[in-house]
1. Go through the range 1-28 and give me each residue that's outside any helix (DSSP H, G or I), within 15 Å of the ligand (Cβ to nearest atom) and at pLDDT below 95.
2. One residue is enough: does the range 255-275 have a residue meeting the conditions aromatic (Phe, Trp, Tyr) and not in a helix (DSSP H, G or I)?
3. Somewhere in the range 55-76, is a residue of a type in the set (Gly, Ala, Ser), closer than 15 Å to PHE23 by Cα and buried (at least 20 other Cβ atoms within 10 Å of the Cβ)?
4. Please work out which residue is nearest to the ligand (Cβ to nearest atom), limiting yourself to the range 106-127 and to residues that are under 18 Å from GLY187 (Cβ atoms) and without any contact (Cβ under 8 Å) to a residue 40 or more places away in the chain.
5. Just for helices (runs of 4 or more DSSP H) wholly inside the range 51-165: which have at least 1 residues that are of a type in the set (Phe, Trp, Tyr)?
6. From (1) away from the ligand (no atom under 12 Å from the Cβ); (2) without any contact (Cβ under 8 Å) to a residue 40 or more places away in the chain; (3) of a type outside the set (A, V, I, L, M); (4) out of contact with any helix residue (DSSP H, G or I) (no Cβ under 9 Å at 6 or more places or on another chain), pick out the condition that doesn't hold for GLN103.
7. Would you confirm, using the coordinates I've provided, whether ALA90 is aliphatic (A, V, I, L, M) and crowded, with 18+ Cβ neighbours inside 10 Å?
Amino acid sequence: MMDIKTVGVIGAGTMGNGIAQVFAQSGFTVRLVDVAPPMLDRARGAIEKSLGKFVEKGKLTAADKDAALGRLRTSTAVDDLADVDFVVEAIVENTDAKRGLFQKLDTITRPGVILSSNTSSISITVLGAATTRPDKVLGMHFMNPVPLMTLVELIRGQATSSESMKVATDLCTKLGKNGVEAADYPGFIANRILMPMLNEAFYAVMEGVGTPEAIDAVMKGGMNHPMGPLTLADFIGLDVCLAILNVLHDGLGDPKYRPCPLLRRMVAAGYLGRKSGQGFYKY
Ligand SMILES: NC(=O)c1ccc[n+]([C@@H]2O[C@H](COP(=O)([O-])OP(=O)(O)OC[C@H]3O[C@@H](n4cnc5c(N)ncnc54)[C@H](O)[C@@H]3O)[C@@H](O)[C@H]2O)c1
């Protein structure tokens, strides 16, 4: 495995700060970049708090926490990633923004460096095509909250090499995570299967099959899911669910992926779930 010591993470939102944390916790030097300075301050605060919780639970020593924080540097300039050995992109879920960034990363990083994206739904092949190294572009889809969830979906684009996939798989192991390979089709594995189930739960609410409480209770108690589908959708964000369903619907063309009209209406009203204080439940 090529020697990866320094990792660049771009985007310091919900996912980027969690990704930066797990790399720093696992001994990597991390450069976390975001266009918005307040996001970088918030990310450092969130990482400190999360590491503190691990210390409280006795899963991390205070010295290891300080060492992890010491390995983290933040910056607003992508150019600061010129010397990194691996990149994880976690900026907004927008194809043009990500393509532009991959084009830039291709010019500033060393030719052998793997450029990965945490995208939930954008084609890895499309991002690879924006670079001169499509064999070294892959998806590294971490799950939220990153420090606690062990799965990483690894997406192989049309041109991604087996060598690059192996590097990413080994990297997951170093992070204490399990990398599972998926092909580059809309929604990959996780959202291809999860979102239609959540969408069906939205239709069940709309048609009055059950209240949100009843639907969640059936799926929790009856199917042994740790969280009901409507609680989970509120946690993910209803706008995010709608965006992913649109990708599945557009990309696969099957009406079974049509986003539920109730979901569209709630998103239009600004009912985005937990983060907005109102979704299928009030927070
Ligand atoms: N939220 C989830 O549960 C989840 C789960 C898996 C994957 N993802 C994916 O992870 C990515 C990030 O999602 P998030 O929820 O962390 O988003 P977020 O909105 O919390 O954070 C995105 C960050 O990117 C920054 N940013 C935007 N454009 C940038 C640029 N050009 N350069 C540098 N920084 C830039 C923003 O300032 C913001 O801080 C998306 O691709 C999303 O689909 C999200």
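The values are calculated or read from the model by the stated rules, or taken from the named source; none is laboratory data. Remember, it's a predicted structure, so these values are computed and weren't measured experimentally. Methodologically, a virtual Cβ is constructed for each residue, glycine included, from the backbone with ideal geometry; neighbour enumeration extends over all protein chains shown.
1. GLY13, the sole residue that qualifies.
2. Yes, because at least one residue in the range 255-275 is aromatic (Phe, Trp, Tyr) and not in a helix (DSSP H, G or I).
3. So the first thing to find is which residues in the range 55-76 are of a type in the set (Gly, Ala, Ser), and the list is 58, 62-63, 67-68, 70, 75.
Okay, now just the ones that are also closer than 15 Å to PHE23 by Cα, so 67-68, 70.
Checking the rest, the ones that are also buried (at least 20 other Cβ atoms within 10 Å of the Cβ) come to 68.
Scanning the range 55-76 turns up at least one residue that is of a type in the set (Gly, Ala, Ser), closer than 15 Å to PHE23 by Cα and buried (at least 20 other Cβ atoms within 10 Å of the Cβ).
4. Applying the filter and picking the extreme gives THR119.
5. On the way: elements: 62-70, 95-108, 124-129.
Once the helices (runs of 4 or more DSSP H) in the range 51-165 are filtered for at least 1 residues that are of a type in the set (Phe, Trp, Tyr), what remains is 95-108.
6. It fails just one condition, (1).
7. On the way: aliphatic (A, V, I, L, M): yes; crowded, with 18+ Cβ neighbours inside 10 Å: yes.
So ALA90 passes the test.
Residues are listed down the side, and each one gets a yes or a no for (1) of a type in the set (A, V, I, L, M); (2) surrounded by 20 or more Cβ atoms within 10 Å (Cβ to Cβ); (3) modelled with pLDDT of 95 or more:
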site	(1), (2), (3)
GLU181	no, no, yes
ALA201	yes, yes, yes
MET206	yes, no, yes
THR211	no, no, yes
ALA214	yes, no, yes
